[in-house]
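Reviewing the structure listed below.
Bear in mind these aren't lab numbers, they're just calculated from the coordinates by the rules spelled out. Everything numeric in this text was worked out from a predicted model, so none of it was measured. In this analysis, Cβ positions are derived from the backbone assuming ideal geometry, glycine residues included, and neighbour counts consider all displayed protein chains.
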Amino acid sequence: MNRDTFSAHPTYYIRNQQENKIEDTLQAMNLYVQLAQIIPDENAVKIAFKQPNSMNDYVIMKAILFPYINVLWIGTIIMIIGFGISLYKRITAK
């Protein structure tokens, strides 16, 4: 409609007499494109399009467990204590 151009690169290959189709996604249009069938007699292909019914209104986040988080907190506390001691010595040295 607004004359934007998008490129999709779906893949269709045959290995060990099995057809394999890899679809491609156009994120800007929320559209999936797949080569459905190759017709060698007509020198043509059939292209299948799929658009999901609903847009994703959520974000998926993966939480990673950091096993040494306690060591990080101990190091932070030691640095704060060291800063406090140096600040105390600087104030009382005057």
Unmet criterion (only one of (1) surrounded by fewer than 10 Cβ atoms within 10 Å (Cβ to Cβ); (2) within 21 Å of the chain's Cα centre (by Cα)) for residue 50: (1)
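Give me a count of the residues in region 1-43 that are part of a strand (DSSP E or B) and loosely packed, with under 10 Cβ neighbours inside 10 Å.
4
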Residue 88 vs. criteria in contact (Cβ under 8 Å) with a residue 12 or more places away in the chain, surrounded by 10 or more Cβ atoms within 10 Å (Cβ to Cβ) and not polar (S, T, N, Q): no
Unique match (being of a type outside the set (Val, Ile, Thr) and in contact with a His (Cβ under 7 Å, 6 or more places away or on another chain)) among 41, 24: 24
